[in-house]
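The values are calculated or read from the model by the stated rules, or taken from the named source; none is laboratory data. These numbers were taken from a predicted model, which means no experiment stands behind them. Note that each Cβ is placed from the backbone with ideal geometry, even for glycine, and that neighbours are counted across all protein chains shown.
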Amino acid sequence: MKAATVIQIKKELTHLTQSELIELCLRLSKFKKENKELLTYLLYEAENEFVYIESVKTEIEEQFENINTDSFFYIKKSVRKILRMVKKYIRYSKEKETEVELLIHFCRVLKEMQPSIERNVTLTNIFNRQILLIRKTIDILHEDLQYDYNLELEELS
């Protein structure tokens, strides 16, 4: 089965009633956890971005606390998993400020982690790639925000 384009789906959705749209959303939320998480974000957390950012930061910290630090293999695997989670939450919110906030927090927690990431090339590369991504995203933001975020970024580097 070939999936329809977004434009085709949008045209079809305009022909549906409100109850049919609700039924489609509920059915969609049953298939993938990400669909349900996105609907939760849009319905409950999109209005208050600050609370959303703080909840994701808390989850990042909890995930880092649960990392098995017996070997760098487990650490790398866990850090990649946490980064995937962060990127998923960034995709839910389309705001660049949220992206910068969450990535800076991820990098800060990663840098403070014990054992130090400087003892492992892969973890250092993950950290450096995220710093580069943050710099690119900061360049898009308003000048005042650029200044504030660049100060935070300098603390990390």
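Key figures for this structure:
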{"read-out": "Subset of segment 13-27 (residues that are part of a helix (DSSP H, G or I) and surrounded by 10 or more Cβ atoms within 10 Å (Cβ to Cβ))", "value": "13, 20, 21, 22, 23, 24, 25, 26, 27"}
{"read-out": "Residues satisfying the stated conditions in segment 60-77, i.e. touching a Phe, Trp or Tyr at 6+ places or on another chain (Cβ under 8 Å) and surrounded by 13 or more Cβ atoms within 10 Å (Cβ to Cβ)", "value": "60, 67"}
{"read-out": "Which numbered condition residue 86 fails, given (1) more than 20 Å from residue 138 (Cβ to Cβ); (2) of a type outside the set (Asp, Glu); (3) modelled with pLDDT of 90 or more", "value": "(1)"}
{"read-out": "Some residue of segment 50-66 being assigned to a loop (DSSP other than H, G, I, E, B), more than 26 Å from residue 136 (Cα to Cα) and under 22 Å from the mean Cα position of the chain (by Cα)", "value": "yes"}
{"read-out": "Residue in segment 89-101 that is more than 19 Å from residue 56 (Cβ to Cβ), free of Cβ contacts under 8 Å to residues at least 24 places away in the same chain, in a helix (DSSP H, G or I) and not basic (Lys, Arg) present", "value": "no"}
{"read-out": "Residue tally, condition of a type in the set (Phe, Trp, Tyr) and surrounded by fewer than 17 Cβ atoms within 10 Å (Cβ to Cβ), over segment 45-59", "value": "1"}
{"read-out": "Residue 129, sole failed condition from (1) assigned to a helix (DSSP H, G or I); (2) under 18 Å from the mean Cα position of the chain (by Cα); (3) crowded, with 16+ Cβ neighbours inside 10 Å", "value": "(3)"}
{"read-out": "Some residue of segment 29-36 being of a type outside the set (Asp, Glu), surrounded by 14 or more Cβ atoms within 10 Å (Cβ to Cβ) and in a loop (DSSP other than H, G, I, E, B)", "value": "no"}
{"read-out": "Pairs with Cβ under 8 Å, 6+ apart, first in segment 30-55 and closer than 13 Å to residue 88 by Cβ and free of Cβ contacts under 8 Å to residues at least 12 places away in the same chain, second among the aliphatic types (A, V, I, L, M) and surrounded by 11 or more Cβ atoms within 10 Å (Cβ to Cβ)", "value": "35/28"}
{"read-out": "Top-ranked residue of segment 138-152 - restricted to ones that are in a helix (DSSP H, G or I) and in contact (Cβ under 8 Å) with a residue 40 or more places away in the chain, ranked as surrounded by the fewest Cβ atoms within 10 Å (Cβ to Cβ)", "value": "145"}
